Amino acid sequence: MPTNIYNPFKDFRFDSKTCFLSGQPLQSADEQIQVFPHWLMRKFDLEDKPFKLLDESLRTYKQLQLPCSAAVAERIAELDNAVADAFNKGYEAVNEMDRMVLFRWVAKIVYGVVFNEIQAGMRQQALSGEAMNFSQVLAHKFVNLHLMLQSLIVPIQFDGSLPFTIVVVPVDNPENTFNYRDEINTLIYSLRMNDFGLIVCLQDNGANGIYHKAVIDLINGLQLHPIQFEELCARFFYSAYLFNRLPEYTVLPTAEMVYVEPMSLMDMSMKPIFDDWQVKTYGQVLENFWKPWGHTLFEIIKDPENPMSFLLDTEGKPLSSDVITLPRGR
């Protein structure tokens, strides 16, 4: 008999009576886990801090929860413990982590946010009496993300290239830095804490890593100033927006294993995988990432041929963080 894969989008099951990952019925409403793990919330005092959802409503970090069976919660606790150990040790330990472990940890948080967004949308739908309008493109992405996250509890083998891009870099962060971002439409995530920064494109089949390979190679081994890491994030977040493919996967369930293989991103049109880079739009993204330092769009694109950069000098060579006299921000 083929290994069972659960798809909550099939009948749009996002209640609190069903395990979010396995689909198993729950015995009690108390069977819940936190989207953001306890150790992370305690470390940065996040429990009662606000978290804004897409409908502009506010939750606290500790209010973001997932219905979860005891068996799945145990696997997630093991994952959290492994990640907590590495994150608390710092950059070297994080950089040496199995990329699948990092992917699962980030995917659980991002999918957890998605789950809470969907529940908020369903509540709003019930109050308004209107039908819920849910993008089929987003549903397609979330189905695939949920499938990949099930590798926590189901034997799944990824054949060919891995379905994600992960970048880990050393960053000279101020003490107690916690800077989290996600963009659920493009499934990209960044985190800056301790002495490292992390960027994860959750469903690009490695395309963004290839797109930015020249810059990544140039800064390899260099400790970044926070403004440099935020620039790197801006580049990835913008390219994730320019990424114009909807990845497809061949899924083969067998009795022993589920085999998942990314399909080629090239199509018959031979259209480039990324849309054209627009300096002004990129400048707007960068302005947002550079808010702690107050650089304006006018400053950033004053020379449109050479937009402002703290990563590279005018000759395209990497800038040492030692020459940056700006404060390290937050």
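As a summary of the residue check, Glu175 satisfies the conditions (1) touching a helix residue (DSSP H, G or I) at 6+ places or on another chain (Cβ under 8 Å); (2) free of Cβ contacts under 8 Å to residues at least 40 places away in the same chain except for the one numbered (1). Out of all the residues in segment 145-167, is one or more farther than 30 Å from Lys10 by Cα and assigned to a strand (DSSP E or B)? Yes, because at least one residue in segment 145-167 is farther than 30 Å from Lys10 by Cα and assigned to a strand (DSSP E or B).
Pairing residues of segment 85-105 that are within 14 Å of Arg192 (Cα to Cα) and of a type in the set (Gly, Ala, Ser) with residues that are outside any helix (DSSP H, G or I) and open to solvent by 50 Å² or more (accessible area, probe 1.4 Å), at Cβ distances under 7 Å and at least 6 apart in sequence or on separate chains, gives Gly90/Asp195. Taken over segment 291-330, residues that are aromatic (Phe, Trp, Tyr) and within 24 Å of Gly221 (Cβ to Cβ) amount to 1.
In segment 289-313, the residue that is farthest from Ala214 (Cα to Cα) out of those that are touching a helix residue (DSSP H, G or I) at 6+ places or on another chain (Cβ under 8 Å) and among the aromatic types (Phe, Trp, Tyr) is Trp293. Could you please find all residues in segment 44-103 being within 18 Å of the chain's Cα centre (by Cα) and acidic (Asp, Glu)? Scanning segment 44-103 gives Asp80, Asp98.
In segment 265-283, the count of residues that are in contact (Cβ under 8 Å) with a residue 40 or more places away in the chain and within 17 Å of the chain's Cα centre (by Cα) is zero. State whether the residues of segment 114-136 include one that is of a type in the set (D, E, K, R) and open to solvent by 50 Å² or more (accessible area, probe 1.4 Å). The answer is yes; a qualifying residue exists. Restricting the first member to segment 12-35 and to residues that are open to solvent by 30 Å² or more (accessible area, probe 1.4 Å), and the second to residues that are of a type in the set (Asp, Glu), the beta-carbon pairs closer than 9 Å and six or more apart or on different chains are Ser16/Glu31. Report the residue count in segment 314-330 for those that are surrounded by 13 or more Cβ atoms within 10 Å (Cβ to Cβ) and closer than 13 Å to Val215 by Cα. Count: 2.
In segment 42-57, is there at least one residue being surrounded by 12 or more Cβ atoms within 10 Å (Cβ to Cβ), among the aliphatic types (A, V, I, L, M) and modelled with pLDDT of 95 or more? There is at least one residue in segment 42-57 that is surrounded by 12 or more Cβ atoms within 10 Å (Cβ to Cβ), among the aliphatic types (A, V, I, L, M) and modelled with pLDDT of 95 or more. Quick check on Leu64: is it modelled with pLDDT of 95 or more and open to solvent by less than 30 Å² (accessible area, probe 1.4 Å)? Answer is yes for this residue. In segment 69-113, the qualifying residues are those that are open to solvent by 40 Å² or more (accessible area, probe 1.4 Å) and of a type in the set (S, T, N, Q), and the one that is farthest from Met148 (Cα to Cα) is Asn88.
So that you can scan it fast, the table gives a plain yes or no per residue for (1) in contact with a Cys (Cβ under 6 Å, 6 or more places away or on another chain); (2) touching a residue at least 60 places away in the same chain (Cβ under 8 Å):
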| residue | (1), (2) |
| --- | --- |
| Leu152 | no, yes |
| Ile156 | no, yes |
| Gly160 | no, yes |
| Asp182 | no, yes |
| Thr186 | no, no |
| Ser190 | yes, no |
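Pairs linking a residue in segment 309-330 that is free of Cβ contacts under 8 Å to residues at least 60 places away in the same chain to a residue that is buried (at least 16 other Cβ atoms within 10 Å of the Cβ), with Cβ atoms under 7 Å and 6 or more positions apart or on different chains, are Asp313/Leu319.
Scanning segment 192-249 for residues that are open to solvent by 30 Å² or more (accessible area, probe 1.4 Å), polar (S, T, N, Q) and at positive phi yields a single hit, Asn194.
The values are calculated or read from the model by the stated rules, or taken from the named source; none is laboratory data. All values reported here derive from a predicted model rather than from experimental measurement. Cβ coordinates were reconstructed from backbone atoms using ideal geometry, including for glycine residues, and neighbour counts include every protein chain displayed. Ligands, DNA and RNA are excluded from the accessible area calculation, which covers all protein heavy atoms including side chains. Shrake-Rupley method; radii C 1.70, N 1.55, O 1.52, S 1.80 Å.
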